[in-house]
Amino acid sequence: MAMIERTEWYDLLRATNWTPKYVTEDELFPEEMSGHRGIPIEDWETYDEPYKVTYPEYVEIQREKDAGAYSVKAALARDKFLERADPGWISILQAHYGALALAEYGAIVGEARMARFSKAPGNRNMATFGMMDETRHAQLQLFFPHANCKLDRKWDWAHKALHTNEWAALAGRHFFEDIIHSRDAISMGIMLTFAFETGFTNMQFLGLAADAAEAGDHTFSSLISSIQTDESRHAQQGGPMVKLLVEKGMKADAQRLIDIAFWRSWKLFSVLTGPMMDYYTPMEHRSQSFKEFMQEWIVGQFERSILDMGLDKPWYWDQFLRDLDETHHGMHLGVWYWRPTVWWNPRAGVNPDEREWLEEKYPGWNDTFGKCWDVIIDNLVNDRVEQTLPETLPLVCNMSNIPIVGTPADGWNVKDYPLKYKDRLYHFGSEPDRWCFEQEPERYADHLSFVDRFLAGMMEPMDLSGALKYMSLAPGEIGEDAYGLAWADIYKEMAHKKAG
Amino acid sequence: MSESPEVLKPLKTWSHLAKNRRRPSEYEITSVRLHTSMNNPDKPWEMDTNLHMNQWYLKYRNHSPLRLEDWDTYRDPDAIVYRTYNIMQDGQETYVKSLLDQFNEREHDKAIDTEWVGKLAILYTPARYVFHALQMSSAYLAQIAPASTITNCSTFQGADSHRWLTHTAYRTYELSLTHPDAGFGQNERKHWEEDEAWQGFRELTEKAMIAWDWGESFCAINLVLKPAVEAAILHQLGEAGRHSSDTLLGMLCDNQCRDSERHMRWSKALVELALENSENKAVLTDWMDKWMPLGINAVEKYCAALPDSAEAISNAKAALEKSRENLGV
């Protein structure tokens with residue numbers, strides 16, 4: 001058909017700002033929702049979205065993508081992959097869907113904020129497609145796991161998790177609601193699309209897709225790599241915002257938003273994606289270690305993209321690079337130990353050959369994290385399972401809302417970073433977490449972490465059973481060791497041989 | 001854990017749908033109860049209670065005078081999900097592309113008379129502003145709605161509004177090729193801001209865009225502005241096109257009406273649900289009383305500029321009033 005090329009008429013799609021007469025411009029774009037920062041509207045009109053798509057192109061491409069993802073699901077439905085999948089892999093799926101399906105849905109609010117309140121017409125159009133994309137991601141990531149509800153009650157958490165006060169769900173909400181829902185359109189555009197989606201979604205949706213393909217889960221692999229094709233498009237909305245802020249002498253503002261969002265994203269991934277990649281994925285299916293993925297997608301690509309924008313690496317960059325060797329091992333240890341408090345079954349992932357792999361990827365692992373596992377293994381070998389289960393709660397960070405961890409044993413560096421603000425003592429897991437709080441204390445001040453709530457008497461009775469009730473976790477939903485502790489048998493045999 | 005011996009059994013669907021007797025549809029599985037910010041009535045977001053955005057959502061959503069115990073019971077009568085939306089609209093776009101292509105091949109734009117070309121420049125192509133305003137307003141409703149099923153309808157409505165903007169932008173450029181001196185692609189903003197025909201719509205649009213209460217926003221945009229756009233632009237302008245040998249415009253408007261009628265179906269369903277709480281009748285009626293005069297003013301001013309204006313005005317006003325009557329508020 002002889003249709004006119006998009007480039008000829010595309011600009012008319014963006015010629016949509018007008019001067020209001022019956023209300024004021026400030027009423028139409030309130031600063032607290034819009035975040036225009038006093039930059040004149042004409043300057044916002046120079047915003048040029050790097051990725052351009054029109055409505056007819058969008059509905060055609062997306063229809064085709066969905067046809068692909070749904071047909072893979074349909075074709076493989078009879079394959080019953082889950083029946084032969086490693087229990088660790090099933091835990092990955094349950095953790096992933098629970099943490100992300102409704103978070104993706106929540107991202108609609110952020111895209112909608114740009115679509116309504118951004119003064120840049122091109123941004124408003126792309127965000128309209130962004131709203132559609134996030135609808136897609138939520139619906140796909142609800143529809144796919146729903147088919148598994150009949151297998152195990154934990155699958156219910158794909159929908160349920162973020163509605164609960166389960167600690168990881170609470171941490172997820174605190175993070176997403178900080179960088180998305182409670183920010184103006186421009187801050188949110190920079191924090192969500194530029195700082196989070198540019199790098200971190202690659203980790204979750206491409207890194208994990210590689211592992212999924214290795215593990216033979218082609219349904220999940222094709223699903224999440226298809227999602228990433230949308231992410232990589234709408235993630236580009238933040239770039240031109242950063243560029244404009246830098247041009248207008250507001251580099252420090254952009255830098256601060258990115259530094260907060262980047263650190264917070266990293267902490268969330270250290271508890272979610274790190275354990276999945278280095279412990280839950282069966283060793284033979286790991287395409288790279290978590291650290292290697294991080295180095296490729298975050299350190300390599302993201303670092304380049306921030307420098308290209310004229311920004312600096314976040315001030316804590318060296319610490320971040322060091323933490324790549326450490327944080328997620330501590331998180332994993334904590335999640336496994338507190339396994340009744342999650343909606344999936346953590347896989348320990350510390351068989352002798354796995355420990356060898358960990359030592360190779362993270363030199364020194366055996367002398368640090370390995371020593372904690374030695375104690376756990378010793379307890380399991382000697383049938384003291386109760387000593388591998390929690391009776392209390394961990395100290396939780398008032399920013400990341402996840403446990404405060406560090407390196408144990410020979411590399412001991414576990415430390416609380418406290419801060420007194422208006423007569424309340426807050427606890428943080430790191431200097432950057434505390435720094436995030438200090439940037440805008442009133443944004444976070446009256447929020448109670450999971451442990452704060454426990455201490456405030458919001459959980460009855462005041463023990464683990466009360467905490468589980470508060471988290472809406474009942475037997476059948478609460479996490480157990482992915483193999484029912486059978487992985488420790490090899491250590492029992494070893495101990496036997498040694499004794500014999 | 002030994003205190004609670006009962007182990008939860010797997011269910012056939014999400015626990016929140018399990019009590020329903022019918023097997024859930026794809027729509028229900030993927031659309032219902034997805035907003036988590038309604039769970040704590042005093043604090044929408046996990047941030048400080050006094051944070052601006054928490055206060056905004058408390059004021060304009062949680063404390064709206066439009067109240068219902070559970071907005072999550074709302075269902076889109078068309079039960080559209082993302083996947084079916086794209087199938088449906090890709091089909092419609094294929095149709096529109098073929099319309100544009102066929103009329104282009106027949107040199108349609110050369111055949112329309114000069115007087116109508118002038119009308120198009122003033123009354124048609126500036127519509128991209130009002131269409132874009134609908135896109136923006138739908139995005140507001142999507143972010144402030146108290147139920148995911150309402151957000152989804154608003155999201156699709158926003159995309160549809162962008163669809164109308166896209167058709168209009170395309171036609172604006174195409175008309176400019178045949179009629180380079182008529183101001184296509186040049187003067188739309190001026191007409192929108194200055195031409196008397198648009199001032200009613202502009203006033204209604206601007207004021208409706210800052211009606212922040214979610215219920216009032218829905219009322220002003222979906223129950224007044226959108227029906228006014230449908231009555232005056234999609235119907236009366238389209239009809240005037242047919243009488244001025246601009247069949248293409250009539251057919252384009254008809255196609256957009258398919259979207260508009262779907263929007264009215266979901267809007268009517270939401271009004272019906274709201275009326276399950278009898279106190280909402282007065283709330284909605286007050287809002288309609290406030291916004292309808294602006295709607296009537298918009299269609300009157302706009303239709304007054306159409307050929308056969310007297311008939312256009314009375315038809316558009318009657319359509320707008322009928323639309324309200326059908327809503328029962």
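What the table shows:
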| read-out | value |
| --- | --- |
| Any hit, the range A:91-102, residues being within 25 Å of residue A:263 (Cα to Cα) and at the interface with chain B (Cβ under 10 Å from one of its Cβ atoms) | yes |
| Only listed residue being facing chain A (nearest Cβ under 9 Å) and in contact (Cβ under 8 Å) with a residue 40 or more places away in the chain, chosen from B:6, B:26 | B:26 |
| Qualifying residue in the range A:112-133 (condition: of a type in the set (Ser, Thr, Tyr) and not in a helix (DSSP H, G or I)) | yes |
| Residue check, residue B:166 under 24 Å from residue B:259 (Cβ atoms), out of contact with any strand residue (DSSP E or B) (no Cβ under 7 Å at 6 or more places or on another chain) and either within 9 Å of chain A (Cβ to nearest Cβ) or surrounded by fewer than 24 Cβ atoms within 10 Å (Cβ to Cβ) (or both) | yes |
| Selection from the range A:297-321 of residues that are part of a helix (DSSP H, G or I), touching a residue at least 60 places away in the same chain (Cβ under 8 Å) and more than 17 Å from the chain's Cα centre (by Cα) | A:301, A:305, A:319 |
| Boolean, residue B:67 is over 26 Å from residue A:34 (Cα atoms), surrounded by fewer than 19 Cβ atoms within 10 Å (Cβ to Cβ), more than 7 Å from chain A (Cβ to nearest Cβ) and out of contact with any Leu (no Cβ under 7 Å at 6 or more places or on another chain) | yes |
| Subset of the range A:15-44 (residues that are over 33 Å from the mean Cα position of the chain (by Cα), within 10 Å of chain B (Cβ to nearest Cβ) and touching a residue at least 60 places away in the same chain (Cβ under 8 Å)) | A:15, A:16, A:17 |
| Number of the exception - residue B:33 against (1) within 7 Å of chain A (Cβ to nearest Cβ); (2) of a type outside the set (Phe, Trp, Tyr); (3) on the phi > 0 side of the Ramachandran plot | (1) |
| Residue tally, condition of a type in the set (Lys, Arg) and over 11 Å from the mean Cα position of the chain (by Cα), over the range A:238-276 | 4 |
| Tally, over the range A:478-500, of residues that are of a type outside the set (Val, Ile, Thr), surrounded by 12 or more Cβ atoms within 10 Å (Cβ to Cβ) and out of contact with any Phe, Trp or Tyr (no Cβ under 6 Å at 6 or more places or on another chain) | 12 |
| Selection from the range B:263-284 of residues that are of a type outside the set (A, V, I, L, M, F, W, C) and surrounded by 15 or more Cβ atoms within 10 Å (Cβ to Cβ) | B:263, B:267, B:268, B:280 |
| Condition broken by residue B:205, with the remaining ones in (1) within 8 Å of chain A (Cβ to nearest Cβ); (2) crowded, with 22+ Cβ neighbours inside 10 Å satisfied | (1) |
| Filtered residue count, the range A:454-482, keeping only those that are assigned to a helix (DSSP H, G or I), within 18 Å of residue A:334 (Cβ to Cβ) and within 13 Å of chain B (Cβ to nearest Cβ) | 3 |
| Criterion (within 21 Å of residue A:189 (Cβ to Cβ), crowded, with 20+ Cβ neighbours inside 10 Å, more than 9 Å from chain B (Cβ to nearest Cβ) and in contact (Cβ under 8 Å) with a residue 60 or more places away in the chain) met by exactly one of A:51, A:47 | A:47 |
| Condition check for residue A:427: out of contact with any helix residue (DSSP H, G or I) (no Cβ under 8 Å at 6 or more places or on another chain), of a type outside the set (A, V, I, L, M, F, W, C) and touching a residue at least 12 places away in the same chain (Cβ under 8 Å) | yes |
| Criterion violated by residue B:242 - all others in (1) more than 15 Å from the chain's Cα centre (by Cα); (2) within 10 Å of chain A (Cβ to nearest Cβ) satisfied | (2) |
| The range A:430-445, residues that are under 17 Å from residue A:315 (Cβ atoms) and either of a type outside the set (Ser, Thr, Tyr) or exposed (fewer than 14 other Cβ atoms within 10 Å of the Cβ) (or both) | A:431, A:432, A:433, A:434, A:435, A:436, A:437, A:438, A:439, A:440 |
| Given (1) at pLDDT below 95; (2) under 22 Å from residue A:163 (Cβ atoms); (3) in contact with a His (Cβ under 8 Å, 6 or more places away or on another chain), index of the condition residue A:401 fails | (1) |
| Residue satisfying all of: in the range A:285-295; assigned to a helix (DSSP H, G or I) and in contact with a helix residue (DSSP H, G or I) (Cβ under 8 Å, 6 or more places away or on another chain); surrounded by the most Cβ atoms within 10 Å (Cβ to Cβ) among these | A:294 |
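So that you can scan it fast, the table gives a plain yes or no per residue for (1) under 27 Å from residue A:222 (Cα atoms); (2) buried (at least 21 other Cβ atoms within 10 Å of the Cβ); (3) touching a Lys or Arg at 6+ places or on another chain (Cβ under 7 Å):
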| position | (1), (2), (3) |
| --- | --- |
| A:23 | no, no, yes |
| A:32 | no, no, no |
| A:55 | yes, yes, yes |
| A:64 | yes, no, no |
| A:67 | yes, no, no |
| A:92 | yes, yes, no |
| A:99 | yes, yes, no |
| A:102 | yes, yes, no |
| A:106 | yes, yes, no |
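The values are calculated or read from the model by the stated rules, or taken from the named source; none is laboratory data. Everything numeric in this text was worked out from a predicted model, so none of it was measured. All Cβ positions, glycine included, derive from the backbone under ideal geometry; neighbour counts span all protein chains shown.
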